[in-house]
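Inspection log for the structure reproduced underneath, given as structure tokens.
Read the figures in this text as sums done on the coordinates, not as results from a lab. Please read all numbers here as calculations on a predicted model, not as lab measurements. Note: ideal-geometry Cβ built from the backbone for every residue, glycine included; neighbour counts use all protein chains shown.
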Amino acid sequence: MGQSKKPVEESHEFKELVTTRWVVAGTLTLLVFITYYGFILMVGLSRETLARKIGEATTLGIPLAVLVIVISFLLTLVYIVWANTGYDKRVAALTRMLDKR
Amino acid sequence: MKTSLGEPTTSGIAFFLVFVCVSLLITYWAARRTRTTTEYYAAARSITAFQNGLALAGDYMSAASFLGIAGLVALSGFDGMIYATGWLVGWPVLLFLVAEPLRNLGKFTFADVVAYRLRQRPIRIAAAIGSILTVLFYTIAQMVGAGNLIKLMFGLSYETAVIIVGVVMLIYVLFGGMIATTWVQIIKACLLLGGVTLLMILTMAQFDFSPGVLYSKVASTYSQASLEPGKLITDPLDAISLGLALMFGLLGLPHILMRFYTVPDAKEARKSVGWATGFIGYFYCIIPLVGFGASVLVGRELIASVDKGGNMAALLLSELLAGTPFLGFVAAVAFATILAVVAGLTLAGASALSHDIYVNVVKGGHATEWEQVKVARIATVIVGLLAIILGIVFKGQNVAFMVGLAFAVACSANFPALLLSITWKKLTTAGATASIVVGAVLATVLIILSPTVWVDVFKNQAAVFPLKNPAIVSMTASFVTAFVVSLVSREKEAEQKFGDQRTRTYLALGAE
């Protein structure tokens, strides 16, 4: 096991898999950051924007707070769909390569 | 409005007894399936993604999220909503950065991952201390909250409440291990989500099912300012630091991380975060409606007169809308919420003591299955009794900072070592150990010197450290320590094992 594994971890496909995984994870993490800190900085620096009325009394801040939660959830879905389809298939292919050896 | 809050009502006691009886029956059933360590710590890795999603939500949604956020929205309006968003945004990050590697690399605790290619003794001790500190701070906050809330809800004395919570949850964990704990979390999550949904529907029925009408009513009863950002965030740096603690603290909470070992593989771990994020996100979206509803229908004055933190807002609203039986139901749900969270914490604390310290440090990894389960149960009793004692010792203390402290230690001590052990080849035993120690000490010391403790608890004039949560400093220091110490203390063996670790991390080769 220990010896036959070595080439796989040094294979081009494996390295690419790991790089892709972290590029996707890093990008999505960055999007969560932008969403959440965008909202928080708006609270800190531009109260007027959030206090703007969009209904009789409803302020823009209320739907934006809900939006932060919804976007966070959608980003987890994006990751799960990507991983279930793309990532898992590449892992299966690499594991098959291992079994053949 | 006259309220029966604070008196032991028949319906409250009945709902509570039904919950306890059902959960004890489950514990009995689970106890017969709990003989090995994998069963005791990880529910035989037999939990599905959907079940684990509910259980994660059950572990995370404490009484603070339910009663606390409803109360904050009721008394301060929009600020409560800002606060609620911070509690959710860690979940996607948990999924992207650690959930799957953790599941593939570890066995029972997150220390398994950190110690994968490092020297066992020092790193296990450090990681266990990080876990135990996080668990203890979180437990103190929960137990003191439990004592106060149950006193307010049922009129029981503080000590009785703490002892009841401690003993009941100890029975779950001691006999039923992770299987019983998981099912208690699942039932609690269903009760909480169902109960709050019902409360939200009853509330919205008063406002033609239109949030706009509700907000207009809030604005006309109080002021438009209730729907605008208020005093919560005055210093952006403070807000950023708290945000970091909430976001990355989740990635270092031992009782949450432990749940990923209960599912069969990384794919199920991944899907379970999706479910959990959905449930928790939905909860944080509807709980502000309950809070705003309470401020209009019950009134801020009455809410604050019962409890100045506003914690009773949701309960007063339940009674107003559907009478004493519904109050009893919601109070029992709040009680169940506390029980389930403390049970999860106790199991996590016990696993750090028994699996990390006893089995891997004292016994050098060599202990029979029978001995391991026995030690796990002894550790459970120790942690459970400690929870009860700490709950009583901290009676009457202002422990609001404890949750912030738990998250600060989690993100400064546990998270950097965990992330770097997964991703960075050159991490050494010395580097990881030093980063955990620096993170834990700095987070704790800076919180004591911060306005939350130095001014609010010790009543000093001005704080020594300006930020309310130290995460931005302590977490950064922990990462820097890990880098610097690792680079000056190269460890060949750890680097050699990294290749092997990678195939396990990404391809699940050899994963348990």
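Tabulated data for the structure shown
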quantity	calculated
Dipole moment magnitude, nearest 20 debye, the protein assembly as shown about Cα centre, only Lys, Arg, Asp, Glu C-beta charged	1420
Viscosity 0.890 mPa s, temperature 25 °C, Stokes-Einstein D of the range B:272-331 from Kirkwood C-alpha radius, µm²/s	197
Whole-Hz ³J(HN,Hα) from phi, Karplus 6.51 cos²θ - 1.76 cosθ + 1.60, for the range B:140-150, glycine and proline x	4, 4, 5, 5, 5, x, 4, x, 5, 5, 5
For the range B:372-381, 3J(HN,Hα) per residue [Karplus equation, 6.51 cos²θ - 1.76 cosθ + 1.60, θ = phi - 60°, Hz, x = Gly/Pro]	4, 5, 4, 5, 4, 5, 4, 4, 4, 4
C-alpha long axis of helix B:49-60 to longest principal axis of chain B, angle in °	70
The protein assembly as shown - Kirkwood radius from inverse mean 1/r over Cα pairs (Å)	24.6
Cα convex hull of the range B:120-257, projected area averaged across orientations, nm²	13.2
Net length gained if the chain between B:L237 and B:E7 were fully extended (0.36 nm per residue, minus Cα distance)	78.4 nm
FRET efficiency, 1/(1 + (r/R0)^6) with R0 56 Å, evaluated for B:A14 and B:A225 via beta carbons	0.85
At most 14 other Cβ within 10 Å, DSSP loop - trypsin sites (Lys or Arg not before Pro), the range A:1-97	A:R52
Distance-filtered residues of the range B:312-342 - backbone nitrogen under 14 Å, label point 7 angstrom along B:Q206 Cα→Cβ	B:313-324, B:327
The range B:112-146: trypsin sites (Lys or Arg not before Pro) in DSSP coil with no more than 14 other Cβ atoms inside 10 Å	none
Cβ-based charge dipole, the protein assembly as shown, positive-most Cα from B:I286, B:G364, B:G212	B:G364
Ranked list, fewest to most other Cβ atoms within 10 Å of each Cβ, for A:W82, B:W275	A:W82, B:W275
Those trypsin sites (Lys or Arg not before Pro) in the range B:291-379 that DSSP places in a loop and that have at most 12 other beta carbons within 10 Å	B:K308
Formal net charge of residues neighbouring B:P325 (Cβ-Cβ distance under 15 Å; K, R +1; D, E -1)	-2
Farthest toward positive dipole pole in chain B [+1 Lys/Arg, -1 Asp/Glu at C-beta], among B:G130, B:G309, B:L405	B:G130
Amide hydrogen neighbours beyond the local backbone of A:T59, cut-off 5 Å, H modeled	A:I54
Chain B: calculated mean residue ellipticity at 222 nm from DSSP helix runs of at least 4, using -39500 (n - 2.57)	-23500 deg cm²/dmol
Approximate spin-label separation B:Q397-A:V70, in nm, with each point projected 7 Å along Cα-to-Cβ	4.3
Derived scalar couplings ³J(HN,Hα) [the range B:481-491; Karplus, 6.51 cos²θ - 1.76 cosθ + 1.60; whole Hz; x for Gly, Pro]	4, 4, 5, 5, 5, 5, 5, 8, 10, 4, 10
Dipole of the range B:1-96, positive direction: furthest Cα of B:T36, B:I69, B:F50, with charges on the beta-carbon	B:T36
Only Lys, Arg (+1) and Asp, Glu (-1) charged, at Cβ; chain B dipole about Cα centre in debye	1120
Dipole magnitude (debye, nearest 20) for the range A:47-99, charges at Cβ of Lys, Arg, Asp, Glu	100
Virtual spin-label span in nm between B:E512 and B:S46, 7 Å along Cα→Cβ	1.8
